[in-house]
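Contents: one structure, followed by commentary.
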Amino acid sequence: MRLTHVAHLRLPFGRVLGYELQVSSTADELPVSFDQRRHVAAGERPGSWMAITLRWDVDDLDALATAWRRVVERHGTLCSVFEPAEQPGTDPRLRAVTLGLGRWVEHETAPGARLSDAVRSILDTHCTPYSRPAHRLCVVQGADEATVVIAADHSHVDMWSLLVVARDLRAALDGRLDERPVPAFADHTVALRERPRAPEDVRARWREVLRDAGDVMPRFPLPLGDLEDPVPERVELRDVLDVDASAALSRRARELGVSTLALTTSVMTAATADLAGTGLRAVFPVHSRYDERWHDSVGWFITNSVVDSADASPAACAAAIKEAVRLGSYPLEDVLAPWGGMPQAPGMFAISWLDLRRLPVRIDHLGMQAQYVSAAGRTDGVMVWFVLDEDGMRLRCRYPDTTTARASVRSWLDAVVHGLRRQARRAGAEITVAGVEMLVDRAERTDVATIARLLADDPIGATRESLDLRDYEEAFDAISRDSSQFLAVVRDGEEVVATAQLSIVPGLSRGGATRLQIEGVRVDRHRRGRGLGSALLEWAHEHGRARGARLAQLTTDVERPEARRFYARHGYEATHVGLKRTL
């Protein structure tokens, strides 16, 4: 999914429409979470929202409005509004609301103004902490397609929530919205308060981490300039790894026995040590959807922890991540009470991680050209977001737009991106067979003749393959144009010694599981029996995992008993009967 900023938002040219929804407060007062209170107490301000945009056909605005109302009614936090504190020193209040009338209004785009500026103005006006309601549905109607914009003040949503809302809106529009009750975020706030208090060792660790940071949350380790007051922000968007390199990074992490997040933390720790002469210490948001019942709910299901990594070794970083998750597993309001709440200071440094491939909530973000959109505002801290999906790894970084911060943050980002790409290159395409390092690579057109020879080099292949390369070359061109296909070759030096074709196949069965289809696995006859086939197969599995595949499948001819035994050794079960027919 594309990470972007409102200033870089891609929109079709056309009319900008917003759905105005009237609400009426009830007497029902709802509990306010620790993070909601921090956010809303900062006051009414533009740029406190987050949004997601999706491309789809919108032929019937009334149907879209009806679907939107059903989604809002389904999620309690969207049917609530904040009210300012009645007296100084008291907390803002959160009240449930009832939905009233709604209508579509067209928002004028001034001559010479960008559509993104028009959308920003709408969301800055209608998605603030005290807006009634604090969310907005917009449609940008182009000539051939429309972009749907779903936005809300951060007090009511997190990034996961935006996926839930987008999924539910599409389902409601198609008449298939699940009508079962969804637990409200207010229920989660109560449940979190009722969880056991943090044990003494967790409290002691928090005291130690904050003491080492000067009794405030961690700050960016390099100079940021004069931050007496927040300054306009600078937002950088970087495509860190494409899908192949992202798969390589995951494979490298698995080789080292750690998660991709731990390996990324290792890279960040090393970059911080090189540039600042210190370990990595940063605020680390973790989700609080600790129970499956919250997976389909909407709200700010985020709590803050701290990752403290002084040792850049992957194993040590894996331990630091594990500790950070534990530190964030207890109600922070109680843990941070000695500091009067979360002790922020200018320069606060935070790192967020979201792997969309692993979330239980999924949308067709590639087909709908989905974009996560951040607002524009002022800041005195550094925030880095990493997002991984079936298209690779991206990051977005927000920092104070000072001359000093530009130099410091960019140098840190450059080092991190370089380090991640270096790690991906180390594993991405390397396999070790009998002590020999070989390269797994996308096939090139000049490899077609060798691949055809490998396919023909067995008794069955000899009867059905051809020596005429024209058909193979045309097929290669078609494969190269299809991003779901990966025609792999293994190179030992300049020699191609094995091949396989990997296909990513989305499907509806098995709960919408994506599959990895493996075809045409061949190893040069002179290299068989050395583990090359096994190494290539394991590499293929990592390729599939990185693209969201949950199942690997293949077929092999009944006349290949050795091949069947080979696949059985690697966990493949003959649970189905494969049927083929010549067309």
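The values are calculated or read from the model by the stated rules, or taken from the named source; none is laboratory data. Note that the structure is a prediction, hence the values are computed from the model and not measured. Here the Cβ is made from the backbone with ideal geometry for all residues, glycine too, and neighbour counts use every protein chain on show. All accessible areas refer to the heavy atoms of the entire protein, side chains included, with ligands and DNA or RNA removed. Shrake-Rupley method; radii C 1.70, N 1.55, O 1.52, S 1.80 Å.
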Failed item in (1) out of contact with any Gly (no Cβ under 8 Å at 6 or more places or on another chain); (2) within 30 Å of D557 (Cβ to Cβ); (3) touching a residue at least 60 places away in the same chain (Cβ under 8 Å), with V433 passing the rest: (1)
Segment 31-43 - residue that is open to solvent by 50 Å² or more (accessible area, probe 1.4 Å) and of a type in the set (A, V, I, L, M, F, W, C) and, of those, farthest from A191 (Cα to Cα): A42
Residue tally, condition under 30 Å from D187 (Cβ atoms), open to solvent by less than 30 Å² (accessible area, probe 1.4 Å) and not small (G, A, S), over segment 301-323: 6
Some residue of segment 351-365 being under 30 Å from T147 (Cα atoms), of a type in the set (G, A, S), out of contact with any Gly (no Cβ under 7 Å at 6 or more places or on another chain) and touching a residue at least 12 places away in the same chain (Cβ under 8 Å): yes
Any hit, segment 150-167, residues being in contact with a helix residue (DSSP H, G or I) (Cβ under 7 Å, 6 or more places away or on another chain), closer than 16 Å to V361 by Cα and assigned to a helix (DSSP H, G or I): yes
Candidate set: segment 97-137, residues that are assigned to a loop (DSSP other than H, G, I, E, B), among the small types (G, A, S) and open to solvent by less than 30 Å² (accessible area, probe 1.4 Å); chosen: the one nearest to P84 (Cα to Cα): S131
Answer from P346, P338 - the residue that is buried (at least 16 other Cβ atoms within 10 Å of the Cβ), more than 14 Å from the chain's Cα centre (by Cα) and not aliphatic (A, V, I, L, M): P346
All positions within segment 258-280 that are open to solvent by 30 Å² or more (accessible area, probe 1.4 Å), of a type outside the set (V, I, T) and over 22 Å from the mean Cα position of the chain (by Cα): A270, A273, D274, L275, A276, G277
Residue within segment 530-549 that is assigned to a loop (DSSP other than H, G, I, E, B), open to solvent by 30 Å² or more (accessible area, probe 1.4 Å) and in contact (Cβ under 8 Å) with a residue 24 or more places away in the chain present: yes
Selection within segment 353-373 - part of a strand (DSSP E or B), open to solvent by less than 20 Å² (accessible area, probe 1.4 Å) and not β-branched (V, I, T): Q371, Y372
Pair list, Cβ < 8 Å and 6+ apart or interchain, from segment 72-93 residues that are in contact (Cβ under 8 Å) with a residue 60 or more places away in the chain and surrounded by 14 or more Cβ atoms within 10 Å (Cβ to Cβ) to residues that are assigned to a strand (DSSP E or B) and of a type in the set (F, W, Y): P92/F82; R93/F82
Test: residue in segment 514-522 that is of a type in the set (G, A, S), more than 15 Å from D492 (Cβ to Cβ) and open to solvent by less than 40 Å² (accessible area, probe 1.4 Å): yes
Total residues in segment 183-208, condition surrounded by fewer than 19 Cβ atoms within 10 Å (Cβ to Cβ) and either within 17 Å of A282 (Cβ to Cβ) or not basic (K, R) (or both): 13
